[in-house]
Amino acid sequence: MVSHEGSWLSGTNNAEAGLIMPGIVLLGSKFQQETAPNVAMDRAEIDSVDEMLDTPAGKFENVLKVEETTPLEPSEKEFKFYAPGVGLIQEEVLKLVKYVLPEVQETGKLEMKSSVRSVQIAGDTIEVELNSSSTISEFKLDRENKRVCFNVEGTAGAGGRTEISIGRILEGPYTVMIDSQATNDFEVAPADASGETAISISYPGNNHNIAISGANVVPEFPLSAIGASAAIVGLVIFISRCKFIGVFMKRAS
């Protein structure tokens with residue numbers, strides 16, 4: 001840098017910030033690019049929105065042509081050209097030579113990896129299948145609270161998703177917590193032919209703790225099953241008593 005000539009600060013000496021490029025481009029629209037009295041007073045007008053331009057970096061269509069003027073030099077005009085998705089490609093005789101666009105990750109195309117985690121239920125080892133775009137760790141089953149917890153580690157700024165065969169260890173309905181905050185950003189798939197239910201959870205990138213709570217731990221009996229079992233036991237006892245009374249009456253006669 002050799003000089004600060006032409007520099008200014010908004011809010012100082014009646015200087016005000018301007019607009020480099022409007023969000024909505026309209027043919028013929030005018031706007032002030034900078035307002036610093038006696039220092040910089042550039043203003044712009046959109047002359048065209050459909051120019052074609054050849055540069056060393058390539059050929060561009062639908063190019064925006066902007067005419068810049070200033071009351072500090074009334075006889076001077078300057079033209080700048082902007083290409084969609086690229087930006088400034090020509091200023092007077094200077095033309096764009098090379099450009100590189102940043103890579104944009106396509107949404108909805110996550111790289112999913114399969115893995116298996118094991119938990120112990122009533123002395124049996126149950127294998128749980130997971131399919132996730134994140135790295136899974138600290139996978140465990142809390143039988144007392146009927147909850148599965150695990151950590152996911154992903155890439156900051158990128159979305160993540162984990163699918164788990166939850167029906168092997170927990171029965172619904174389900175609630176999901178991400179970093180101790182309840183979320184509705186999950187889907188429960190209907191039970192397949194094997195009777196297993198799967199749940200898919202979506203979350204923003206980076207690291208999270210996920211907890212899935214259910215109604216019962218499989219193969220723990222739900223209350224309805226316990227009630228049915230009690231009814232069967234009661235029926236067996238009733239029949240046994242009836243047989244005993246019948247034998248007793250025969251002996252009495």
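The values are calculated or read from the model by the stated rules, or taken from the named source; none is laboratory data. Since this is a predicted model, take the numbers as computed values, not measurements. When we count neighbours, we look across all protein chains shown, and the Cβ atoms used for this are built from the backbone with ideal geometry, even at glycine.
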**OP:** Give the residue, chosen from 172, 123, that is more than 22 Å from the chain's Cα centre (by Cα) and on the phi > 0 side of the Ramachandran plot.
**Re:** 123
**OP:** Return the pairs, sorted by first residue and then second, in which the second residue is part of a strand (DSSP E or B) and of a type in the set (Gly, Ala, Ser), the first residue lies in the stretch 200-226 and is modelled with pLDDT of 85 or more, the beta carbons are less than 6 Å apart, and the residues are 6+ apart or on different chains.
**Re:** 203/160
Subject >> the stretch 1-32, subset free of Cβ contacts under 8 Å to residues at least 12 places away in the same chain and among the aliphatic types (A, V, I, L, M), residue surrounded by the most Cβ atoms within 10 Å (Cβ to Cβ) >> reply: 9
Subject >> Output for the stretch 33-89, where each listed residue is buried (at least 18 other Cβ atoms within 10 Å of the Cβ) and small (Gly, Ala, Ser) >> reply: 36, 44, 83
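Here is a yes/no grid of residues against (1) within 30 Å of residue 49 (Cα to Cα); (2) under 31 Å from the mean Cα position of the chain (by Cα):
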position	(1), (2)
62	yes, no
68	yes, no
72	yes, no
75	yes, no
138	no, yes
144	no, no
Subject >> For residue 132: the one exception among (1) outside the structural domain of residue 201 (by TED's automatic domain parsing); (2) without any contact (Cβ under 8 Å) to a residue 40 or more places away in the chain >> reply: (1)
**OP:** Quick one: which strands (runs of 3 or more DSSP E) lie wholly within the stretch 23-133 and hold at least 1 residues that are of a type in the set (A, V, I, L, M, F, W, C) and under 30 Å from residue 216 (Cα atoms)?
**Re:** 113-121, 124-132
Original post:
In the list 93, 116, 97, which residue meets the criterion of being exposed (fewer than 15 other Cβ atoms within 10 Å of the Cβ), hydrophobic (A, V, I, L, M, F, W, C) and closer than 30 Å to residue 205 by Cβ?
Top reply: 116
**OP:** Mind counting the residues in the stretch 53-98 that are free of Cβ contacts under 8 Å to residues at least 24 places away in the same chain and farther than 20 Å from residue 30 by Cα?
**Re:** 7
